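Asker: First, the structure itself, so that you have it in front of you.
Read-outs throughout are calculated quantities, based only on the coordinates presented, and are distinct from any laboratory measurement. What you see is a predicted model; the values in this text were computed from it and never measured. Here the Cβ is made from the backbone with ideal geometry for all residues, glycine too, and neighbour counts use every protein chain on show.
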Amino acid sequence: MKYYQLEPEEKQILADFEAEQFEEVTTDLDKYQQYAVATLSKSKNINIRLSEKVLQKLKAKAANTGIPYQTLASSVLHQFALRDSS
């Protein structure tokens with residue numbers, strides 16, 4: 001059997017374990033849920049190929065509504081993705 005030198009903290013952990021004195025570990029679930037929401041809500045850049053005709057029509061519709069065409073494209077994709085599939 002090998003002999004190991006334990007640090008004082010390790011000795012305390014071993015003594016607590018042998019005495020069955022366990023501490024309850026709690027997590028801050030709300031904090032981690034907020035982290036997940038923040039991570040998932042970040043915008044990502046994508047590359048997409050569109051025909052020149054579709055891109056020109058998209059730009060024209062965006063100009064008519066007074067918003068950038070990329071914002072319009074993002075909005076259309078967002079609405080489509082959230083639309084009920086039934």
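Asker: Give the calculated FRET efficiency between L50 and E24 to the nearest 0.05, with a Förster radius of 41 Å applied to their Cβ-Cβ distance. Spell out each step's value before the answer.
Answerer: Values: r = 56 Å, r/R0 = 1.36.
Calculated transfer efficiency: 0.15.
Asker: What angle, in degrees between 0 and 90 and rounded to the nearest 10, separates the Cα long axis of helix 69-82 from the longest principal axis of the Cα atoms of the chain?
Answerer: Tilt relative to the chain: about 60 degrees.
Asker: If you add up the charges near S75, with Lys and Arg at +1 and Asp and Glu at -1, over every other residue whose beta carbon is less than 13 angstrom from its beta carbon, what do you get? Working shown, then result.
Answerer: Values: positive: K61, R83; negative: none.
Every neighbour counted, the sum reads +2.
Asker: For Y32 and A81 in one chain, what is 0.36 nm times their gap in residues minus the Cα-Cα distance, to one decimal in nm? Numbers along the way, then the final one.
Answerer: Details: separation 49, 0.36 × 49 = 17.64 nm, distance 2.56 nm.
Computed gain between Y32 and A81 is 15.1 nm.
Asker: As a check on your grasp of the helix formula, calculate [θ] at 222 nm for the chain: sum -39500 (n - 2.57) over DSSP H runs of n ≥ 4, divide by the residue count, round to the nearest 500.
Answerer: On the way: 4 runs with 51 residues, N = 86.
Taken over the chain, the calculation gives -18500 deg cm²/dmol.
Asker: Something else: Please identify the chymotrypsin sites (Phe, Trp or Tyr not before Pro) of region 1-81 that satisfy two criteria: DSSP loop assignment and at most 15 other Cβ atoms within 10 Å. Which are they? Working shown, then result.
Answerer: Numbers: sites: Y3, Y4, F17, F22, Y32, Y35, Y69, F80; in loops: Y3, Y4, F22.
Here the sparse-neighbourhood loop sites are Y3, Y4, F22.
Asker: Additional query: Give me the one-decimal nm value for the distance between modelled label points at L40 and K57, 7 Å along each residue's Cα-to-Cβ direction.
Answerer: Modelled inter-label distance: 3.3 nm.
Asker: Using a simple charge model, +1 on the beta-carbon of Lys and Arg, -1 on the beta-carbon of Asp and Glu, nothing else, what dipole does the chain show about its Cα centre, in debye to the nearest 20?
Answerer: Working: 11 positive and 12 negative charges, 351 e Å.
In total the dipole reaches around 1680 debye.
Asker: While we're looking at this one, here's another question. Please identify every one of the GluC sites (Glu not before Pro) in region 1-64 that sits in a loop by DSSP and has no more than 12 other beta carbons within 10 Å of its own beta carbon. Don't skip to the answer; put the middle values down first.
Answerer: Values: sites: E9, E10, E18, E20, E23, E24, E52; in loops: E20, E23, E24.
Those that pass, being in a loop and sparsely packed, are E20, E23, E24.
Asker: Return the single residue from L58, L50, L14 with maximal mean-square fluctuation; model: Gaussian network over the chain, springs between Cα atoms under 10 Å.
Answerer: Between L58, L50, L14, it is L14 that shows the largest mean-square fluctuation.
Asker: Do me a favour and compute the ellipsoid semi-axes for the chain from its Cα gyration tensor, root of five times each eigenvalue, largest one first, whole Å. Provide the component values of the computation, followed by the final result.
Answerer: On the way: eigenvalues 721, 53, 28 Å².
Working from the Cα gyration tensor, I get semi-axes of 60, 16, 12 Å.
Asker: Answer with one residue from Q21, A36, S75: the one whose Cα lies farthest towards the positive end of the charge dipole of the chain, charges on Cβ with Lys, Arg +1 and Asp, Glu -1.
Answerer: Of the listed residues, the answer is S75.
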